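Q: Below is the structure I would like to discuss, written out as structure tokens.
What follows is calculated from the coordinates using simple rules that are stated; it is not laboratory data. As the structure is a computational prediction, the values presented were derived from the model and not from experiment. With ideal geometry, Cβ positions are generated from the backbone for all residues, glycine too; neighbour counts draw on all protein chains shown.
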Amino acid sequence: MSSPVPESRIDVRRVDLVPLRRRHVRQVMRIEAQVYPRPWSSALFLQEIVRRTDRIYLAARYDGTVVGYGGVITSGLEAHITTIAVDPVYHRQRIGTKLMLGLVDASIAKGGQTLSLEVRRSNYAAQSMYESFGFRPVGLRPGYYAETREDAIVMWVDQIDTPQYAATLNRLRKSLEMPPGGEERSGSRRELTDEW
């Protein structure tokens with residue numbers, strides 16, 4: 001199933017986040033193959049989504065089509081983003097921000113106080129989006145991405161369960177309430193961060 005090509009910017013307010021289920025995996029695999037040089041297998045996704053006690057996977061759907069997905073693993077007070085991707089046809093439309101909000105909310109609901117992830121050293125757009133969520137670089141994993149031997153930057157955010165962090169999340173949520181074209185575009189941080 002191919003993605004419909006949007007005629008103009010979509011309204012991210014019409015993107016629904018739903019628990020990722022078996023019926024979504026075929027569409028997830030289509031996106032996975034487009035965005036990752038070494039995609040996860042459908043079997044791995046199916047194994048992950050049944051582990052509901054310590055994993056949360058979300059699908060972003062627009063007009064019934066999966067346009068993005070993300071996952072987080074939780075362990076006590078810590079949570080770790082395992083994957084996040086948006087169909088390239090829908091890049092720069094704030095879907096990644098919406099997915100991150102859903103994953104952070106899920107982490108907090110599971111008792112998380114800290115959140116971590118890895119990101120390619122060359123993926124400046126994703127790093128910028130993560131920084132808008134308060135993530136900061138805390139380490140480097142040399143050669144982490146085996147297919148390219150590219151380094152991963154480890155990013156971390158603390159105290160995600162505090163009122164101060166809730167204010168950050170509310171600011172990001174408010175940015176999603178703007179209609180398409182309602183934000184500053186030329187050279188804006190949003191344009192750089194929402195490739196995801």
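Q: Under the 0.36 nm per residue contour assumption, what length would be gained going from the current alpha-carbon distance of V18 and Q159 to full extension?
A: This chain segment gains 48.2 nm when fully extended.
Q: Pick the calculated Rg and Dmax of the Cα atoms in Å for this structure from [x] 17.2, 62; [y] 26.6, 105; [z] 15.9, 44?
A: Answer by label: [z].
Q: Residue farthest toward the positive end of the dipole of the chain, with Cβ of Lys/Arg at +1 and Asp/Glu at -1: which of P37, V50, V67?
A: Looking along the dipole axis, the top candidate is V50.
Q: Full extension from L44 to D11: what is 0.36 nm times the residue separation minus their Cα-Cα distance, to one decimal in nm?
A: 8.7 nm
Q: Taking only Cα atoms and a 10 Å spring cutoff, compute GNM fluctuations for the chain and point out the largest among T97, T83, T53.
A: It is T53.
Q: Same structure again: Given only helices, namely DSSP H runs of n ≥ 4 each adding -39500 (n - 2.57), what is the per-residue ellipticity at 222 nm of the chain, to the nearest 500 deg cm²/dmol?
A: Mean residue ellipticity at 222 nm (helix-derived): -9500 deg cm²/dmol.
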